[in-house]
1. List, please: which pairs have Cβ atoms under 6 Å, are six or more places apart or on different chains, and start with a residue in the range B:24-36 that is not assigned by TED's automatic domain parsing to the domain that holds B:Glu98 and in a helix (DSSP H, G or I) and end with one that is modelled with pLDDT of 95 or more and polar (S, T, N, Q)?
2. Got a number for residues in the range B:140-181 being facing another protein chain (nearest Cβ under 7 Å) and hydroxyl-bearing (Ser, Thr, Tyr)?
3. Among (1) at pLDDT below 95; (2) part of a helix (DSSP H, G or I); (3) more than 14 Å from every other protein chain (Cβ to nearest Cβ), which single condition is B:Ile21 missing?
4. Only one of A:Leu190, A:Leu160 is buried (at least 23 other Cβ atoms within 10 Å of the Cβ) and among the aliphatic types (A, V, I, L, M); which?
5. Would you check which residues across the range B:42-88 are in a helix (DSSP H, G or I), more than 12 Å from DNA strand D (Cβ to nearest atom) and over 21 Å from B:Ala113 (Cα atoms) and list them?
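The values are calculated or read from the model by the stated rules, or taken from the named source; none is laboratory data. The structure displayed is predicted, hence computed values, not measured ones. Counting neighbours? That spans all protein chains shown, and the Cβs are built from the backbone with ideal geometry, glycine included.
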2 protein chains.
Amino acid sequence: MTDPSESGPGRRSSDRTKAAILRAAREHFAARGYERTTIRGVAADAGIDPSMVMRYFGTKERLFDAALAVDLRLPDLAAVPPHELPAVLVGHFVDRWEGDPADDALLVLLRSAVTNEQAAERMRRTFAEQVLPALAAALGPERAARCAGLIASQVLGLALTRYLLRLPPVVSLDRAALVAAYAPAVAAVLA
Amino acid sequence: MTDPSESGPGRRSSDRTKAAILRAAREHFAARGYERTTIRGVAADAGIDPSMVMRYFGTKERLFDAALAVDLRLPDLAAVPPHELPAVLVGHFVDRWEGDPADDALLVLLRSAVTNEQAAERMRRTFAEQVLPALAAALGPERAARCAGLIASQVLGLALTRYLLRLPPVVSLDRAALVAAYAPAVAAVLA
DNA sequence: CCGCCATGTCAACACTTGTTGGCCTACAGG
DNA sequence: CCTGTAGGCCAACAAGTGTTGACATGGCGG
């Protein structure tokens, strides 16, 4: 743990601080959205002074932007048999939402994009750069272009009602039931 | 137009003022969400003093609550042939979202419910009191209970990606294409 | 030893917010 | 005429915000 190239005592402590700020910021943005998240709150959670946040990120907006970076970690969809594609997609996203509770990036993005144009733009970019290519690998470019929007709409609708609105009938399903219920819907828009 | 019981010159002007406030409030809440909407902004839009808003609604939260009242105007679903149900549902909601631009109530509810627990609760209530019964009339209670959550998820996913996130492939579809694309997905969760 | 620079704290500024209380104005009833 | 009252405006308060600049501190190179 004293590796001089990464975390040893001689290592700059600014990196750890910056990471702590980012982690706290993601947590706050995910739980409260952009407006209700305060620099003071994030700083307190990271155990430092609010002015440090400004020094490292310059502005609340830039901190927000840094917190918005998201990797969907989509697998290679060309490798899955076509008839399993819907179940794989739904399953992957459920895992992604429910996986590491410390990884709030997805929630940050969705929750903020609804009231914040900057985040909405980021969402559109994430869609274009990650979802579209992954689907194109499995369906071909023109079919992907036709279906990707509808699939995003399904998956995001699921996330919306389950994790943000918490509609009881959607919350009460477990992973298997969720996949079983949504895969046919996704399959329907692929046709 | 001088009906003494409703709008004549002898009529209280407070009713008109209150209505103007509510209309402006809906517009602001729908466009900006709860936090970024200011009493001052609403008052300016309604052409009156901020303190008037307080006099009539007491508090920003109560004004918000008044703005959240939503009537989905769902038709009698028992009257539509089962195989047309998906298209009717999707079509109705598209009309509802796209209809009267002055009627922002639906957008207020959806946009706010994502970052505001009070609005989320209101959304769950609206779902339980309007969507569930309407579906129960067409599908019977137990089938409705099983499907309503999934249908809400589809419809809200559509609204989310089209009106809030504005994902290009979802925005570019017109009403007919939208219905044609989504009806099969809704039909899939009914099976 | 000295001095420098990165890391961090403290206190304050300027601004916006929801909210409040006092004042004004018009008009109906006597 | 006076008076009361409802509808409305103005100015201010207290709290919280993002942001800034002056100051501390501790370790490292000379």
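1. From residues that are not assigned by TED's automatic domain parsing to the domain that holds B:Glu98 and in a helix (DSSP H, G or I), the pairs are B:His28/B:Thr37; B:Phe29/B:Thr37.
2. So the answer is 2.
3. Condition not satisfied by B:Ile21: (1).
4. A:Leu160
5. B:Asp45, B:Leu77, B:Ala78, B:Ala79, B:Pro82, B:His83, B:Glu84, B:Leu85, B:Pro86, B:Ala87, B:Val88
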